[in-house]
Amino acid sequence: MEIAEIIVEAIKYILPAVLVLIGMRWVLASTQQTQLKAQQQRMTSEINQQHLTVVLTAYERAVLFCERIQPHQVIQRNPPSQQQPAQVYSQVLIQDILGEYEHNVAQQVYIHPEAWSALMAGRDQIIHLIQEGMKQFEGKGSAADLAQGLLAAYQEEEQKINRSAVLLLNKSVRTLFGH
């Protein structure tokens, strides 16, 4: 046998083996890429799900904040007494509202800015309502008198205060789900 025949014989065996190896390498690379994409999609989906959970929790807490700063809720948490001056009681109520705000301030990271602004406007309106109620007493009157006056004033203003914030929060949540 000549060298040329040996080379041709070797090529007959080596060429198919090389082609099979190249094909297997291509199939493995393609499979790995597909698996990597699927893993990335799963991770993205998990991250989106976790983010959605955090955002929804923030909106739930924001609605709870709106409910907790309503005068009847604040008054219920801080019962008035006849001995306590109205001026001192008004500060107790305002501090309670500000405490609720401080407890929920981090939620603004997840809440639409327009909805957060509405929350702050509702908070400020309630604080203003308390301050205006205090002006009626001119340093006189008891905490119980102030509480009664606030509840009466709030009933008149209830539709304006906090309701727009809650509606905006609901609208923002609906947009998260494409509604």
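The values are calculated or read from the model by the stated rules, or taken from the named source; none is laboratory data. Please read these numbers as outputs of a predicted model, since none were measured by experiment. Note that each Cβ is placed from the backbone with ideal geometry, even for glycine, and that neighbours are counted across all protein chains shown.
A few comments on the model shown:
- Which listed residue, of A143, A147, is touching a strand residue (DSSP E or B) at 6+ places or on another chain (Cβ under 8 Å) and either buried (at least 20 other Cβ atoms within 10 Å of the Cβ) or among the aromatic types (F, W, Y) (or both): A143
- Test result for I22, farther than 20 Å from V166 by Cβ and not small (G, A, S): yes
- Residue match in segment 16-26 (condition: assigned to a helix (DSSP H, G or I), of a type in the set (F, W, Y) and surrounded by 10 or more Cβ atoms within 10 Å (Cβ to Cβ)): yes
- Taking helices (runs of 4 or more DSSP H) as the structural unit, those lying wholly within segment 69-172 and holding at least 1 residues that are under 28 Å from V54 (Cβ atoms) correspond to 71-77, 86-104, 113-137.
- Yes/no for K37 being more than 28 Å from Q155 (Cα to Cα) and among the basic types (K, R): yes
- Within segment 86-103, one or more residues are touching a Lys or Arg at 6+ places or on another chain (Cβ under 8 Å), surrounded by 12 or more Cβ atoms within 10 Å (Cβ to Cβ), over 25 Å from L167 (Cβ atoms) and touching a residue at least 12 places away in the same chain (Cβ under 8 Å).
- Test result for I75, surrounded by 11 or more Cβ atoms within 10 Å (Cβ to Cβ), under 25 Å from Q136 (Cβ atoms) and either touching a Gly at 6+ places or on another chain (Cβ under 8 Å) or of a type in the set (K, R) (or both): no
- Residue count for segment 43-66, restricted to those that are charged (D, E, K, R) and at pLDDT 90 or above: 2.
- Residues within segment 67-82 that are modelled with pLDDT of 90 or more and touching a strand residue (DSSP E or B) at 6+ places or on another chain (Cβ under 8 Å), tallied: 1
- Residue match in segment 54-64 (condition: exposed (fewer than 10 other Cβ atoms within 10 Å of the Cβ), in contact with a Ser or Thr (Cβ under 9 Å, 6 or more places away or on another chain) and either in a helix (DSSP H, G or I) or not hydroxyl-bearing (S, T, Y) (or both)): no
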